[in-house]
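A.B. asks: Encoded as structure tokens, here's the structure I'll be asking about.
The values are calculated or read from the model by the stated rules, or taken from the named source; none is laboratory data. Since we're looking at a predicted model, the values are computed, not measured. Every residue, glycine as well, gets a Cβ built from its backbone with ideal geometry; the counts of neighbours run over all protein chains shown. Heavy atoms of the whole protein, side chains included, go into the accessibility calculation; ligands, DNA and RNA do not. Shrake-Rupley method; radii C 1.70, N 1.55, O 1.52, S 1.80 Å.
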Amino acid sequence: MPRYKNINGVKIQYTPEEETARDIEEKAWADGAKDRKLTQIKDIRLRKLQETDYMANSDYTMPDDVKTWRQAMRDIPANYTTESQYDELLATDKNGNYTHSVWSK
């Protein structure tokens, strides 16, 4: 199916060279999906860990459940390695809250 671009309100069909270039761009974007998801997961993990960083101070005794949870956060890249697992980690409810249990303290 031919693709079109819009130039100054005029619909113009892509040239064969533009079609090829666009196919390459779309493949590169699709191939990078897993890496983008992992980056997003690592960003979420970092924010979650920062919420409890104060507990790592020497004048505070970190509860065992928090130690276990923080270790689970650090283990995410080793324990979740497929794109479908990334999708599970990134799943949200209707309010935008992450639903995977790993995010809960």
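A.B. asks: Checking Ser58 against (1) part of a loop (DSSP other than H, G, I, E, B); (2) modelled with pLDDT of 95 or more, only one condition comes out false. Which one?
C.D. replies: Failed condition: (2).
A.B. asks: Any residue at all in the stretch 6-28 that is in contact with a Lys or Arg (Cβ under 9 Å, 6 or more places away or on another chain), of a type in the set (A, V, I, L, M) and over 23 Å from Ala91 (Cβ atoms)? Before you say what the answer is, go through the steps one by one.
C.D. replies: The first filter runs over the stretch 6-28 and keeps only residues in contact with a Lys or Arg (Cβ under 9 Å, 6 or more places away or on another chain), leaving 11-14, 18-19, 22.
Of the ones still in play, those that are also of a type in the set (A, V, I, L, M) are 12.
This time we only want the ones that are over 23 Å from Ala91 (Cβ atoms), so: 12.
Looking for residues that are in contact with a Lys or Arg (Cβ under 9 Å, 6 or more places away or on another chain), of a type in the set (A, V, I, L, M) and over 23 Å from Ala91 (Cβ atoms), one finds at least one in the stretch 6-28, hence yes.
A.B. asks: While we're here: Please specify each residue of the stretch 64-81 satisfying the condition of being in contact (Cβ under 8 Å) with a residue 12 or more places away in the chain and open to solvent by less than 80 Å² (accessible area, probe 1.4 Å).
C.D. replies: Listed by number, the residues that qualify are Val66, Trp69, Arg70, Ala72, Met73, Ile76, Pro77, Tyr80.
A.B. asks: Still on this model: Only residues that are surrounded by fewer than 13 Cβ atoms within 10 Å (Cβ to Cβ) and in a loop (DSSP other than H, G, I, E, B): list them for the stretch 45-54, please. Spell out how you get there, then give the answer.
C.D. replies: Here is the first cut: in the stretch 45-54, the ones surrounded by fewer than 13 Cβ atoms within 10 Å (Cβ to Cβ) are 46-47, 50-51, 53-54.
Listed by number, the list is empty, since nothing qualifies.
A.B. asks: A follow-up question, please. Read through the list (1) surrounded by 13 or more Cβ atoms within 10 Å (Cβ to Cβ); (2) in contact (Cβ under 8 Å) with a residue 24 or more places away in the chain; (3) out of contact with any strand residue (DSSP E or B) (no Cβ under 8 Å at 6 or more places or on another chain), then give the number of the only condition that Gln85 fails.
C.D. replies: (2)
A.B. asks: Just one of (1) in contact (Cβ under 8 Å) with a residue 12 or more places away in the chain; (2) farther than 30 Å from Ser101 by Cα; (3) surrounded by 11 or more Cβ atoms within 10 Å (Cβ to Cβ) trips up Lys42, so point out which.
C.D. replies: The failed condition is (2).
A.B. asks: Is at least one residue of the stretch 12-29 in contact with a helix residue (DSSP H, G or I) (Cβ under 6 Å, 6 or more places away or on another chain) and either open to solvent by 90 Å² or more (accessible area, probe 1.4 Å) or in a helix (DSSP H, G or I) (or both)?
C.D. replies: So far as the stretch 12-29 goes, no, none of its residues is in contact with a helix residue (DSSP H, G or I) (Cβ under 6 Å, 6 or more places away or on another chain) and either open to solvent by 90 Å² or more (accessible area, probe 1.4 Å) or in a helix (DSSP H, G or I) (or both).
A.B. asks: On to the next question. If Asn57 satisfies every condition in (1) open to solvent by less than 50 Å² (accessible area, probe 1.4 Å); (2) over 28 Å from Asp31 (Cα atoms) but one, which is the exception?
C.D. replies: So Asn57 meets the others, but not (1).
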